[in-house]
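The values are calculated or read from the model by the stated rules, or taken from the named source; none is laboratory data. Since the structure is predicted, the reported quantities are computational estimates derived from the model, not experimental observations. Positions of Cβ are generated from backbone atoms using ideal geometry, with glycine treated the same way; all protein chains shown enter the neighbour counts.
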Amino acid sequence: KSIEKNDVIGLVKSNHSFHMHFARCSNNEYIVRALNEVRNEVNRLAYLSFAGVRDLSRDLKDHYKAVISEHDLIIKHLEHRELEALQETVRIHIRTFQRRILNYLAT
């Protein structure tokens, strides 16, 4: 729903929740707190990366379609215990965000 509404805040919050869910699965409060701190900075960068985008609708949809697809693959690899595929998908997921931020910084 957030994609159709061009709701950057809703998308960033949903993405944050997805990542924090995995941290909570660790049952380690230190990891949860540490990831939450990192995610707060990531969220700030995500908000900034969409500020001033000319075609927000297209850009937002393209980016979050990739993110959602990567999230789906991460879940699938976890369910099937496909460690190597999981590691590669996580690397791709990290690069997706890195590219977004680098493109923002380059403009």
- Task: Kindly indicate which of Ala23, Ala46 is surrounded by 15 or more Cβ atoms within 10 Å (Cβ to Cβ) and under 15 Å from Ile3 (Cβ atoms).
- Result: Ala46
- Task: Please tell me if Arg33 is loosely packed, with under 14 Cβ neighbours inside 10 Å, of a type in the set (D, E, K, R) and at pLDDT 90 or above.
- Result: yes
- Query: Does Arg81 meet the test of being of a type in the set (D, E, K, R) and part of a helix (DSSP H, G or I)?
  - Reply: no
- Name every residue in segment 35-76 that is without any contact (Cβ under 8 Å) to a residue 40 or more places away in the chain and aliphatic (A, V, I, L, M), in order of residue number. Leu35, Val38, Ala51, Val53, Ala66, Ile68, Leu73, Ile74, Ile75
- Note on the structure: Filtering segment 49-67 down to residues that are surrounded by 14 or more Cβ atoms within 10 Å (Cβ to Cβ) and touching a helix residue (DSSP H, G or I) at 6+ places or on another chain (Cβ under 9 Å) yields Ser49, Phe50, Val53, Asp59, Leu60, His63, Tyr64, Ala66, Val67
- Among the numbered criteria (1) surrounded by fewer than 17 Cβ atoms within 10 Å (Cβ to Cβ); (2) at negative phi; (3) touching a residue at least 40 places away in the same chain (Cβ under 8 Å), which single criterion is violated by Phe97? (1)
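Residue by residue, here is whether (1) modelled with pLDDT under 95; (2) charged (D, E, K, R); (3) out of contact with any Leu (no Cβ under 7 Å at 6 or more places or on another chain) holds:
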position	(1), (2), (3)
Leu45	yes, no, yes
Phe50	yes, no, no
Ser69	no, no, yes
Glu88	no, yes, yes
Ile92	no, no, yes
- Query: From the list Leu73, Leu102, Leu78, Leu86, which residue is within 14 Å of the chain's Cα centre (by Cα) and of a type in the set (A, V, I, L, M)?
  - Reply: Leu73
- Arg54 being assigned to a loop (DSSP other than H, G, I, E, B) and at pLDDT below 95: yes
